1. Could you go through region 87-101 and let me know if any residue there is closer than 18 Å to residue 26 by Cβ, surrounded by 15 or more Cβ atoms within 10 Å (Cβ to Cβ) and in contact (Cβ under 8 Å) with a residue 24 or more places away in the chain.
2. Which members of region 190-208 meet the condition of being touching a strand residue (DSSP E or B) at 6+ places or on another chain (Cβ under 6 Å) and aliphatic (A, V, I, L, M)?
3. Which residue, of 177, 110, 208, is more than 19 Å from the chain's Cα centre (by Cα) and of a type in the set (A, V, I, L, M)?
4. With the requirement that a residue be under 23 Å from residue 28 (Cα atoms), of a type in the set (A, V, I, L, M) and at pLDDT 95 or above, what does region 252-280 give you?
5. In the list 27, 39, which residue meets the criterion of being surrounded by fewer than 21 Cβ atoms within 10 Å (Cβ to Cβ), at pLDDT 50 or above and assigned by TED's automatic domain parsing to the domain that holds residue 65?
Amino acid sequence: MNLKYIYLFALLTVSHTSFSKILIFTYAYNRPDFIQIQYNLFNKFLVEKDWEFVVYSDAPTVMMQERIKHACNELGIQCINFPQELHEKPYLPRTDNVSKHAPSVRHATVAQYSLNTHGFNHDDIVVLLDADLFLTDYFSIRDYMKDCDLAGFLRADRMRYMWLGLIFMNIPALPDVRTIDLNVGIIDGQYVDSAGHTYQYIVNHPDVRMKYFDVVNFNGNPRWLTASFDQIGVYYVPDQTKDRNLLHSLGFNDIACTFISSGIPNIQYYLDNKFFHYMAASNWENNSDTWHAQKTELFNWYMKRLLE
């Protein structure tokens, strides 16, 4: 081979490698205060430095859209507004009686849009991240993905599918990647939540290398235990979370033990306690402002300690 072409090939290879990066997509409906915290935690704890944090804004009002945009501008990160008229089309086909504006439907819609317009075209790993999910310890996505191409939490329903809150995808390695469907709806007579239609991708591609996250649930609100916890792993009630020895045995450090034992309601940890889930930040549970203020105060204490 001519030396000139060898040089050009090497240059193109290096250029491709240098531009490859992990894309982390999150979806903001409200709580613009979470954006900076998510970003700062990735800056501190994510081992990789070749990553980009992209916020898809699904703000229901112009005022909230401006607040989300401002939070992104302050950090110098990309904010992509989801066209609200696409909810009305709807963007994803509806085969059930669930409202086009139900939280699970909106979440699935915007996440699918992010993949269709950006993620499926990427040449590296794409991460789908809930707006209220936070990295709490040092972690390498590339190291975790070295022996798999699709990773997430597998819902324990009869239809086994990926939970939309946290999914890792090695886009170039996934066959028929554009058939990954994050829709909500009915499959064989059973309702499936956000990303429920990933069931079909999993069934149709049994050879895809997959890994599944673990989950630990704490301080469940009795009103929501059936809906929120029964199908997604074991949980510990408030009386149990006062036991610091128990929490230490589950792998939590002193800061996390203090936080969990404070009684903060409805929280989860995924992937060996690396990711903390605030839960229901969009307030689909219709909790009071006082309830959220108290939870946010405890949460802010925890985040401040993590970022010290």
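The values are calculated or read from the model by the stated rules, or taken from the named source; none is laboratory data. None of the values given here were measured: they were computed from a predicted structure. Cβ sites come from the backbone with ideal geometry, for glycine too, and all protein chains shown count toward neighbours.
1. no
2. Listed by number, the residues that qualify are 195, 208.
3. 208
4. Selection gives 271 alone.
5. It is 39.
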